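The values are calculated or read from the model by the stated rules, or taken from the named source; none is laboratory data. Quick caveat: nothing in here was measured; it's all calculated off a predicted structure. Quick reminder, even Gly has a Cβ in these numbers, built from the backbone with ideal geometry, and neighbours come from all protein chains shown.
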Amino acid sequence: MAAGLILAVEDDPDMVKYYRTALSAVGHTVLAATSAEEGLTFLDMHRPRLLILDINLPGINGIEACRRARRDYGNDFPILFITTNDDLGTLRDCMAAGGDDFMVKGAPFRAILERVGYWMDESRTGAGEERRRKILARAEEELRLMNAETAIRGNDAKKVERDQIEQIAKLVWDHKQSFARNRDLNPAERFHMVGFATGAVNARTSADLRIRLRFMDILAAVLRESGLLEPDDALHALRNLHEHYNDDAFRKACAEGEAAAR
């Protein structure tokens, strides 16, 4: 992964800490801005190799900030959106504004490093427009299919998501039974299982854009329905998920879950 300057525009201080810790560990320099206005001011002084941009920012949102960055600085650097929004229309707007790629907030550590590494590679210069076109086309097609499904079959899209949750929950349950049959998990084992579930959800949701955008909701459902965590505990685990990605044991568990789910 080529090292370089990354500007992260994110108003959540925990996520800023996560980006700094994770990306600095692989050699990058990370500047952080907590608003779009501050981020655009930084761009007047610094030209990053990559701009990481949250959509939901106070004041100017990330989509408008992307438009202004493209207007003022052209395609000097790729823009990677971070989203918690499960609306395909919003994703389409991100790409139309000039975004090059997107990540779902809470995605596994390895997935974030892979996307950042892809765009930090100097050989990707000029690749943004082509990838943007493909994501836009995919979003448009998914929206068309979703509207058609809603008109013709009603809740089929929800059934696809429900089927995925049930399949992943069973996979997680079977993995738990392989080493902790008929007994409660100890804290280290539970931590491992949350990582395993995270990796499994990441692998199973990667092919369908509509489901991918609901990564966190699906992971929460899997944690509950596999019997790993009570609802309140599942929400707490998700709020702190980004902190776990810095842990080697958690990353290893994620990799095991991804391998088991493929």
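Condition check for Ala220 on (1) in a helix (DSSP H, G or I); (2) in contact (Cβ under 8 Å) with a residue 24 or more places away in the chain; (3) farther than 16 Å from Arg110 by Cβ: one failure, at (2). Before we move on, is Thr21 without any contact (Cβ under 8 Å) to a residue 24 or more places away in the chain and either of a type in the set (S, T, N, Q) or not assigned by TED's automatic domain parsing to the domain that holds Arg68 (or both)? No, not satisfied. Can you list residue pairs whose Cβ atoms sit under 9 Å apart, with the first residue in the range 170-188 being loosely packed, with under 15 Cβ neighbours inside 10 Å and the second being among the hydroxyl-bearing types (Ser, Thr, Tyr)? Count only pairs 6 or more apart in sequence or on different chains. Hits for this filter: Lys170/Ser226. Inside the range 216-232, residues that are farther than 18 Å from Thr83 by Cβ and either buried (at least 18 other Cβ atoms within 10 Å of the Cβ) or in contact with a helix residue (DSSP H, G or I) (Cβ under 8 Å, 6 or more places away or on another chain) (or both) make up a count of 11.
In this structure, Ala65 does satisfy being at pLDDT 80 or above and crowded, with 16+ Cβ neighbours inside 10 Å. When the range 39-60 is limited to residues that are surrounded by fewer than 17 Cβ atoms within 10 Å (Cβ to Cβ) and of a type outside the set (A, V, I, L, M, F, W, C), the one that is nearest to Tyr118 (Cα to Cα) turns out to be Arg47.
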